Amino acid sequence: MAARTIAIYGKGGIGKSFTTTNLSATFALMNKRVLQLGCDPKHDSTTSLFGGIPLPTVTDIFAEKNALNQQVSISDIVFRRDIADFPQPIYGVELGGPQIGRGCGGRGIISGFDVLEKLGIFKWDIDIILMDFLGDVVCGGFATPLARSLSEEVILVTNNDRQSIFTANNICQANNYFRTIGGQSRLLGLVINRDDGSGIAEKYAEAAGITVLMKVPYNAEARDKDDSFDFAVRLPEIRDKFQRLALDIVENKITPCKAGGLDFMGFVRLFGDVSDDAPIPASAEELFGRIKSSSVSGQRIEDTAIESDDLKLTRSIEKLTAEEKEVYRMVEQEKKSCSEIAELTHREESAVRELLAGARTQLKRLFFEN
């Protein structure tokens with residue numbers, strides 16, 4: 001049976017790895033075989049999980065092996081920890097990334113997943129794979145599990161501050177976007193860590209249509225457990241919350257959210273009144289006012305040839321067959337159901353579903369080829 005895969009996204013420093021680690025521990029205490037996959041160049045997701053021991057990263061091991069013309073093996077990059085009072089060991093992998101300023105972290109994530117897939121990660125005898133993902137960066141590498149449907153489900157972690165909620169909203173928008181081109185990752189909901197009772201994250205969740213899965217209040221003892229590389233779920237008040245969430249996940253009691261995220265103005269208006277006035281443009285004259293050369297103010301910046309994702313999607317849609325294009329647009333743009341389309345186009349509903357599936361598969365291929 002294939003492992004259940006869950007990507008956990010959040011802004012750096014808000015307790016994303018704390019949440020992932022304690023959820024891993026909770027699943028292991030439920031007798032589940034768990035693999036925690038650290039997907040952050042800082043490669044510190046599994047530090048508490050392994051009692052403070054840093055794991056060698058896939059990035060580093062691959063570089064070493066490649067220099068010696070050797071293949072990476074499972075035992076080179078996958079590690080286990082046996083804990084006395086746990087019925088199952090916990091497994092850990094750190095993808096890692098380049099040294100600061102020396103490469104692309106997103107590219108490191110993509111390369112790391114390539115190595116793991118070649119080693120058969122999704123065929124291992126594991127019940128649950130938790131992917132601990134940095135959410136600050138929205139480049140393609142960090143969206144890998146969403147773009148390629150490597151994670152069945154997504155959980156967002158946030159605090160009650162605007163920046164962490166903004167990050168969660170970005171990931172929500174990204175997941176919704178990939179769903180329109182065939183992505184299968186389902187958004188389970190939001191975890192509010194270090195909840196101060198202000199209700200700001202809950203206000204966002206209600207506006208965006210996202211379920212609040214768990215609220216974890218700030219707890220000094222829990223922080224101390226984490227700082228000393230132990231599990232906060234050893235504390236009864238923390239354990240109860242994680243057990244309820246883990247049980248709901250295992251028993252499929254959580255209905256995935258259809259949320260697409262809020263647009264920028266909708267988001268900022270959650271935090272106060274925002275003027276509808278357009279920004280005042282600066283003139284070249286005022287910026288170069290003290291420079292006598294008139295040639296400077298006449299300079300032009302040429303338009304860039306960078307194509308937006310929306311334009312790429314539009315071009316990809318145009319390459320579908322006429323029937324696929326018709327069905328796809330009726331579903332995604334007109335929001336019609338397959339049964340409605342079948343009636344309107346005089347097709348069997350099964351044929352409509354087949355056309356839609358084909359269109360999404362083609363779009364996914366065409367989009368990434370572009």
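Would any residue of segment 1-29 have its amide N under 17 Å from a label point 7 Å out along Cα→Cβ of residue 44? List them or say none. Only 10-22 fall inside the zone, counting backbone N under 17 Å.
In the chain, the DSSP-assigned H stretches of four residues or longer account for a calculated mean residue ellipticity at 222 nm of -12500 deg cm²/dmol, using -39500 (n - 2.57) per stretch and the full residue count as denominator.
Modelled label positions at residue 333 and residue 285, each set 7 Å beyond Cα in the direction of Cβ, lie 4.4 nm from each other. The value for segment 4-268 of Rg(Cα) / (2.2 N^0.38 Å) is 0.96.
The length gained on full extension between residue 30 and residue 162, counted as 0.36 nm times the residue separation minus their Cα-Cα distance, comes to 44.0 nm. Spacing of the modelled spin labels on residue 82 and residue 180, each 7 Å from Cα toward Cβ, amounts to 5.2 nm. For segment 4-268, the number of Lys pairs separated by eight or more positions or lying on different chains, with C-alpha atoms closer than 19 Å, is 18. Legend: ranking of residues 166, 271 from fewest to most surrounding C-beta atoms inside 10 Å; resulting order 271, 166.
Projected label points at residue 275 and residue 344, each 7 Å from Cα along the beta carbon direction, are separated by 4.3 nanometres. Ordering 68, 245 from the fewest to the most neighbouring beta carbons within 10 Å gives 68, 245. Note: relative contact order over segment 1-101, using C-alpha pairs below 8 Å and six or more positions apart, is 34 percent. Mean separation of Cα pairs under 8 Å and 6 or more residues apart, divided by the residue count, gives the chain a relative contact order of 18 percent.
Since every read-out is calculated from the coordinates, none of them should be taken as a lab result. Here the structure is a predicted model, which is why all the values come from computation and not from measurement. Positions of Cβ are backbone-derived with ideal geometry, glycine not excepted, and every protein chain shown enters the neighbour counts.
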